[in-house]
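Dropping a structure here in structure tokens format, bear with me for questions.
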Amino acid sequence: MADSEMGRVAITVDQSYNLWLREHPSALSSFGQMINVAKGKQIVVFLDYDGTLSPIVSDPECAFMSNQMRAAVHNVSNCFHTAIISGRSRKKVYDFVQLKGVFYSGSHGMDTMGPALRNNNYDANFQKRTFDTEGNEFIIFQPAQHFLPEIKEMLTEVKERTQNIPGVKIEDNMFCLSVHYRHVKDEDHERLENQVKSMLANHPDFHFTIGKKVFEIRPSIEWNKGDALNYLLEAFGFHNASKVFPIYIGDDKTDEDAFKVIRERGQGYPIIVSSKPRDTMALYSLKSPSEVQSFLTCLGRWGYDNGATTHHQ
């Protein structure tokens with residue numbers, strides 16, 4: 001491609017992104033205006049992990065967040081109830097983040113740790129009381145727990161079916177399985193997808209989704225990141241929708257479920273992390289995890305300056 005053609009392509013991309021930004025303005029540039037709308041409300045912060053708090057990396061085991069990002073999340077959690085909702089297993093996300101003042105929801109919300117519940121609307125059979133090392137009480141909510149034996153079977157089966165495809169990495173996220181293909185040759189993508197889908201033909205209670213260089217296998221239950229957001233709001237005691245102001249920051253298709261819930265509530269900010277124009281339910285945008293860090297730093301500083309505190313159990 002000639003230099004002049006490359007230049008035209010770059011300009012077109014920039015123009016497209018700038019037009020998209022008019023519909024989804026920068027949450028950093030708009031911070032003052034956004035926070036004015038939230039004044040007097042109880043802000044609750046929800047965060048995705050991969051691509052939001054950490055960069056997308058070639059090896060999913062190395063998706064580490066920076067110490068600066070950890071400090072920003074810590075400061076926000078000192079001011080506002082804060083939860084991380086990820087497709088990863090809950091334990092894996094905690095191992096990455098290692099902050100005790102934050103609540104964690106793994107497996108796309110199918111494994112959620114919240115405070116001890118009172119008068120809630122959720123099935124008691126899916127709730128398990130537990131205590132941390134300091135004796136603090138929590139509730140683990142797992143609406144897909146009866147699928148665990150079959151998921152273990154599928155883990156063995158998918159490993160066998162894909163063992164002859166170089167570059168495949170299988171990640172056990174407890175209530176869902178992730179088949180990473182970032183290092184799989186392009187010509188093998190279709191074969192890999194066919195192997196996963198043909199396995200699913202024997203497991204009708206599960207479905208197939210595609211993320212960023214990953215195929216995911218999940219139980220077919222009506223539960224997603226948006227449901228986890230609503231569950232946690234109730235667990236935090238925020239039953240009154242007019243008083244609570246949720247902020248959700250995420251970068252993936254699965255985060256759209258949470259964006260949709262906030263839009264339907266009519267109050268709060270869904271924020272997408274993207275440097276390219278894309279279809280989204282988000283109202284605002286941030287370009288990268290580094291901008292997420294800057295936004296969280298501003299939010300934590302504003303909360304501290306305005307005396308916002310949350311008392312962790």
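The values are calculated or read from the model by the stated rules, or taken from the named source; none is laboratory data. Just so it is clear, the model here is predicted, and its values are computed rather than measured. Here the Cβ positions follow ideal geometry from the backbone for every residue, glycine too, while neighbour counts run over all protein chains shown.
In segment 222-244, which residues are more than 18 Å from the chain's Cα centre (by Cα), touching a residue at least 24 places away in the same chain (Cβ under 8 Å) and farther than 14 Å from Leu117 by Cα?
Correct list: Ala241, Ser242, Lys243, Val244.
Okay, next question. Return the only residue of Pro143, Pro166, Pro204 being outside any strand (DSSP E or B), within 20 Å of the chain's Cα centre (by Cα) and of a type outside the set (A, V, I, L, M).
Selected residue: Pro143, the only one of Pro143, Pro166, Pro204 that is outside any strand (DSSP E or B), within 20 Å of the chain's Cα centre (by Cα) and of a type outside the set (A, V, I, L, M).
Right, Gly237: surrounded by fewer than 21 Cβ atoms within 10 Å (Cβ to Cβ) and not β-branched (Val, Ile, Thr) or not?
Here the answer is yes, as Gly237 does meet what is asked.
Here is a follow-up. Would you point out which residue out of Tyr181, Tyr269 is in the same structural domain as Met110 (by TED's automatic domain parsing) and of a type in the set (Phe, Trp, Tyr)?
On inspection, the qualifying residue turns out to be Tyr269.
Follow-up question, since we're still on this one. Can you tell me which residue in segment 85-102 is modelled with the lowest pLDDT, limited to those that are outside any helix (DSSP H, G or I) and of a type in the set (Val, Ile, Thr)?
Val102
Kindly establish whether Gly300 is assigned by TED's automatic domain parsing to the domain that holds His24 and modelled with pLDDT under 95.
For Gly300, the condition - assigned by TED's automatic domain parsing to the domain that holds His24 and modelled with pLDDT under 95 - is not met.
Out of curiosity, is Ala72 buried (at least 20 other Cβ atoms within 10 Å of the Cβ), of a type in the set (A, V, I, L, M, F, W, C), within 20 Å of Ser178 (Cα to Cα) and more than 16 Å from the chain's Cα centre (by Cα)?
no
OK, next. Quick check on this structure: which one of Thr82, Thr133, Thr112, Thr52 is buried (at least 18 other Cβ atoms within 10 Å of the Cβ) and assigned to a loop (DSSP other than H, G, I, E, B)?
After ruling out the rest, the residue left standing is Thr52.
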